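Chemist: Take this structure first; my questions come after.
We did not get these values from a lab; they are worked out from the coordinates using the rules stated. Keep in mind that what you see is a predicted model, and the values were worked out from it rather than measured. Counting neighbours? That spans all protein chains shown, and the Cβs are built from the backbone with ideal geometry, glycine included.
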Amino acid sequence: MQQVALLLRPKIQGARNGFRRFGQTRTRALFIGAVGAFFWLIVFAGVWRGLWRVEHIVPTAAAAFGKQVLSWIVIMALTVLVYSNVIVAISVYFLSRELDLVFATPVKRESVFYSKFLETLAGSSWMIFIFLTPVLLGYAMYFEPPWHFYAAAPVLLLAFFSIPTALAVLLSMALTNVFPARKLRDLFFLILLVLLSGFIFFVRYLRPELLVNPNNRRTAIEYVLNLERSGSPLLPSTWLTELFSKMLGMASVPNDRLILYGVLLLSSAAALVVICERTAHHFYHAGWSRTQEARRVEIEQGLPESGTERLKMRLAGIAALQVLPRTLRRMVEWFCRMSARAIGAIIPGVHRPVIEKDLLTFFRDTSQWSQFLLVGAITSVYILNIYLINLSGGIVDAVIDLQGLKSVISFLNIGMVGFVLASVCLRFVFPAVSLEGEAVWIIRSSPITAREFLRSKLWTYLIPLLLLAGLLSATSTWLLEAHAFISWVSAVTVILMTLGVGAMGVGLGAMYPDFRYENAARVSMSYGGVLYMLLSMCYVGAVLVIEALPVYLYMRAELSGQVLGMTERYAIVVALGATVILTAAAGWIPLQRGRQALENPG
């Protein structure tokens with residue numbers, strides 16, 4: 001245990017130092033604390049309020065309904081843990097930077113295994129733990145369980161989290177002795193994105209908006225109650241659900257079965273950890289050695305003969321990654337170079353090398369280009385939601401003018417497009433500066449200025465963002481049969497929003513960079529990413545508020561058959577000017593602050 005603690009001490013000390021640096025800015029600490037507390041309160045209140053509503057709609061149904069929903073939540077958590085643990089286990093056990101030094105020290109392999117196991121467990125389970133905590137507290141607040149529930153819940157959750165972690169470690173050790181670890185991680189990451197995209201379509205296929213209709217609530221609750229119990233009795237999710245259901249008073253489980261489930265959960269976790277340790281004793285070092293050999297072979301085969309091209313690939317951090325087949329890879333490289341030349345013909349030529357390098361990096365990094373699957377799924381579901389909006393027939397025609405309602409929804413749709421753009425920018429644009437990695441010193445020492453560097457980053461993503469924004473705006477206004485004026489307002493506003501959120505993402509990404517990242521997704525989840533998302537939402541909301549009055553004045557005159565007066569015309573011009581000024585400020589200020597942060601690091 002002393003060696004395990006010694007191996008974990010650098011990680012713990014690094015996290016502690018990060019919290020200390022984070023706490024030096026009290027505003028930043030209060031901000032993140034407020035965001036986390038708000039999330040917890042929303043989940044906690046949603047669970048408690050949902051159980052309370054079920055009890056009032058269908059008396060005596062809260063316990064059965066709560067147990068069924070809890071089983072779904074636990075099954076989903078187990079599914080997420082299985083896939084995330086595989087990705088994290090491959091990264092921690094075989095791709096960690098300190099392994100070269102660790103294996104050169106006289107430390108027992110068992111100690112290395114247990115330290116990496118705890119690191120994998122923490123790295124893959126912390127988010128699920130943060131989500132499940134307010135859920136269980138909401139159940140506890142409603143059902144008022146005895147004190148031993150609060151004492152047993154952490155132990156049971158630890159055992160539950162350990163089972164998928166151990167299985168993932170076993171799978172990763174088996175596969176890395178046959179295949180290169182980096183390609184395995186990229187493959188599992190791609191599979192995870194495909195499954196997530198399919199899950200988004202599945203949820204949309206269920207049409208959850210029908211539950212909002214008060215006439216359907218009782219039927220939906222009865223449908224959930226009539227479903228068979230989810231999961232097999234051989235799954236850890238079933239054991240945990242039955243244990244929590246008994247302690248919360250949602251089900252009358254016999255004591256002998258309750259003891260059986262508890263013993264199964266705890267003993268399975270302990271046994272799998274021991275099996276993992278014994279397997280690692282024989283296969284861990286061999287798999288890690290194979291990972292190092294695969295990396296050297298890929299570097300030798302992947303680097304071109306030209307010194308300039310070799311330097312460019314090293315700058316991009318992609319020399320060791322050859323995922324696509326050679327023919328397809330050459331087509332992608334040709335497309336990237338042609339795209340960079342096309343952009344270079346529009347903007348100054350100084351931006352072309354950076355744009356070309358960014359495009360090559362993007363399409364050669366599986367964790368980057370595979371995100372297109374998720375963006376495509378979100379875009380498709382968004383368009384499908386617009387298509388499924390039923391604005392004709394029945395009460396709607398009798399109460400509200402149909403054209404007026406379509407105009408209102410079309411105008412509010414601008415905000416939804418802005419939210420989608422901000423989400424995409426958070427994943428792609430905000431980490432753009434951080435993706436330079438530790439080679440950022442080459443950018444700083446090159447003849448390109450920080451302003452030109454940030455503009456190059458913005459140009460790289462601006463055209464794809466404009467295409468996405470145009471697709472969402474044009475498709476939604478066409479499906480909603482919006483008024484011509486609303487369509488023009490939507491088109492102009494979406495273009496301005498794209499410029500605003502794109503420039504804001506590049507600027508804030510330069511203000512809060514992480515050049516030592518191990519996963520680009522973690523850059524988006526940092527303090528700067530949360531701040532960017534909130535500021536972009538405030539910007540989108542401010543644009544809607546500015547344009548609401550002139551749009552209302554125009555549509556009122558149009559629907560009533562009146563002619564626009566000078567006041568209404570001035571209001572429209574002033575609103576458009578205010579939107580342009582707000583967009584310029586939202587983009588220019590972060591870019592200037594980001595330029596200063598790059599020119600004066602530290």
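Chemist: From the phi of every residue in the stretch 260-265, what ³J(HN,Hα) in whole Hz does the Karplus formula 6.51 cos²θ - 1.76 cosθ + 1.60 yield, where θ is phi - 60° and glycine or proline is x?
Modeler: Each residue of the stretch 260-265 in turn: 4, 4, x, 5, 4, 5 Hz.
Chemist: For ALA280, what charge total do you get from the other residues with a beta carbon under 12 Å from its beta carbon, if Lys and Arg give +1 and Asp and Glu give -1?
Modeler: Charge balance near ALA280 sits at +2.
Chemist: Let me ask you something else. Per residue of the stretch 38-50, in order, report the coupling 6.51 cos²θ - 1.76 cosθ + 1.60 (Karplus, θ = phi - 60°) as ³J(HN,Hα) in whole Hz, putting x for Gly and Pro.
Modeler: 5, 4, 4, 5, 5, 5, 4, 5, x, 5, 5, 5, x
Chemist: Once both labels are modelled 7 Å past Cα along the beta-carbon direction, what's the TRP478-LEU549 spacing in nm?
Modeler: Here the answer is 3.5 nm between the modelled labels.
Chemist: Among 97-104, 80-87, how do they line up by average Cβ neighbours within 10 Å per residue, starting with the highest?
Modeler: On the way: 97-104: 11.6, 80-87: 22.4.
Ranking the peptides 97-104, 80-87 by packing returns 80-87, 97-104.
Chemist: Here's something else I'd like to know. Can you work out ³J(HN,Hα) from phi for every residue in the stretch 438-450, in order, using Karplus 6.51 cos²θ - 1.76 cosθ + 1.60 and θ = phi - 60°, giving whole Hz and x for Gly and Pro?
Modeler: 6, 7, 5, 5, 5, 5, 5, 8, 7, x, 8, 7, 5
Chemist: Can you tell me which of 136-147, 160-171, 497-508 comes out highest on packing, and rank the rest after it, using the mean Cβ neighbours within 10 Å?
Modeler: Averaged packing, sorted descending, gives the order 497-508, 160-171, 136-147.
Chemist: Let me ask something additional. What is the sum of charges around TYR461, taking Lys and Arg as +1, Asp and Glu as -1, for the other residues whose C-beta is under 13 Å from the C-beta of TYR461?
Modeler: +2
Chemist: Just grab the label-to-label distance for ARG9 and VAL102, each label 7 Å out from Cα along the Cβ direction, in nm (one decimal).
Modeler: 1.6 nm
Chemist: Could you tell me which residue out of ALA484, MET497, MET511 lies farthest along the dipole of the stretch 452-545 toward its positive end? Charges go on the beta carbon: Lys and Arg +1, Asp and Glu -1, centred on the Cα centre.
Modeler: So the residue we want is MET511.
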